[in-house]
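The values are calculated or read from the model by the stated rules, or taken from the named source; none is laboratory data. Owing to the predicted nature of the structure, the values given are computational and were not obtained by experimental measurement. Here the Cβ positions follow ideal geometry from the backbone for every residue, glycine too, while neighbour counts run over all protein chains shown.
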Amino acid sequence: MSNQLLTRLSSEQVTFYQKEGYLIYREPVFSPEKFARLKACFEDILSDLPEGFSPEMMDVPHFTFTQLYEWLFADEVLALVEPFLGDDIALFSSHFISKPGGSGKRVPWHEDSAYWRDWLDPMEVVTIWLAIDPSMRENGCMMVIPRTHGHGYSDYEPVDPTKNVFDTEIIQPQRDESQAVAIELQPNQASLHDGRLKHGSNANTSTMRRTGYTMRYISTRTRINQEKIGHFQKIFLARGRDYAGNAYGDPSVSYIDLARTRTKHMKSGH
């Protein structure tokens with residue numbers, strides 16, 4: 001890895017993330033050429049979705065489209081999470097989140113950790129949210145509530161699934177939306193957030209599509225509860241070696257049946 005990538009985040013940026021639970025990264029994540037290939041890959045995947053399949057539901061696409069490891073294992077990405085996870089890094093998950101203009105659903109306030117409660121020990125996940133399209137207030141950019149990453153397990157209540165990507169939301173007394181920060185990004189910019197941070201997004205009522213690619217990472221010192229996740233998840237060694245005795249998937253193999261199982265049984269659209 002180049003020295004430039006080794007120093008991708010300043011000490012001030014690292015401290016900000018640790019304190020606030022998120023960070024906006026304004027520099028291009030990839031070279032223009034490499035980003036263009038990723039966007040073209042996404043467009044190809046999107047064009048092949050079956051009729052009636054919601055583009056907000058493109059969960060774990062790397063299970064099916066193994067070419068995505070070019071970006072998921074890229075030094076440009078791993079250099080962003082290394083200050084928080086160390087040198088030994090595993091890919092936990094990825095997800096294309098695409099809100100069509102005029103019909104993209106709202107994402108309720110939630111913590112990702114609430115859905116992974118019994119999966120990881122410790123619960124330390126860094127998510128990179130890479131903008132494929134412009135992500136602005138008007139087309140439903142992600143919103144975060146800073147400094148809410150100290151716990152990760154709020155109480156939830158039902159919401160209307162016809163208007164929301166999933167059907168539960170953090171109860172009103174446990175979220176202060178007046179403190180929310182809009183994560184506005186241009187294509188090839190990114191944000192990072194802690195898996196326990198409260199976040200959500202409004203519906204996309206604009207004419208402009210809003211697409212992001214979430215790439216989620218853990219330390220290989222994190223212990224995976226294989227009994228809980230075995231039917232839904234595989235993790236992949238992105239860099240270094242394993243320290244927790246975890247089992248890893250093969251990035252050269254497509255896990256299409258596993259992806260289908262997740263689609264049927266798991267929440268998505270985070």
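Mind listing whichever residues of segment 198-210 are touching a Pro at 6+ places or on another chain (Cβ under 8 Å) and closer than 29 Å to Asp75 by Cα?
Answer for segment 198-210, where residues must be touching a Pro at 6+ places or on another chain (Cβ under 8 Å) and closer than 29 Å to Asp75 by Cα: Gly200, Arg209, Arg210.
Of everything in segment 194-208, what is surrounded by 21 or more Cβ atoms within 10 Å (Cβ to Cβ) and not small (Gly, Ala, Ser)? Give them in sequence order.
Asp194, Arg196, Leu197, Lys198, His199, Asn204
So is Ser93 part of a strand (DSSP E or B), modelled with pLDDT under 95 and either touching a strand residue (DSSP E or B) at 6+ places or on another chain (Cβ under 6 Å) or surrounded by fewer than 23 Cβ atoms within 10 Å (Cβ to Cβ) (or both) or not?
no
Does at least one position in segment 77-89 carry a residue that is assigned to a strand (DSSP E or B), modelled with pLDDT of 95 or more and crowded, with 19+ Cβ neighbours inside 10 Å?
Yes.
Scan segment 220-264 for residues that are of a type in the set (Ser, Thr, Tyr), farther than 28 Å from Asp87 by Cβ and at pLDDT 90 or above and jot them down.
Ser254
Checking Ser98 against (1) in a strand (DSSP E or B); (2) of a type outside the set (Asp, Glu); (3) modelled with pLDDT of 95 or more; (4) under 13 Å from the mean Cα position of the chain (by Cα), which single condition isn't satisfied?
Looking at each condition in turn, Ser98 falls short on (3).
When residues of segment 183-210 are filtered for being out of contact with any Ser or Thr (no Cβ under 6 Å at 6 or more places or on another chain) and not in a loop (DSSP other than H, G, I, E, B), how many remain?
The number of residues fulfilling the criteria is 8.
Looking only at segment 147-158, which residues are surrounded by fewer than 17 Cβ atoms within 10 Å (Cβ to Cβ) and on the phi < 0 side of the Ramachandran plot?
Scanning segment 147-158 gives Gly150, His151, Tyr153, Asp155, Glu157, Pro158.
Looking at (1) farther than 23 Å from Asp121 by Cα; (2) exposed (fewer than 15 other Cβ atoms within 10 Å of the Cβ); (3) touching a Lys or Arg at 6+ places or on another chain (Cβ under 8 Å); (4) modelled with pLDDT of 95 or more, which is the one condition that is false for Glu177?
The failed condition is (3).
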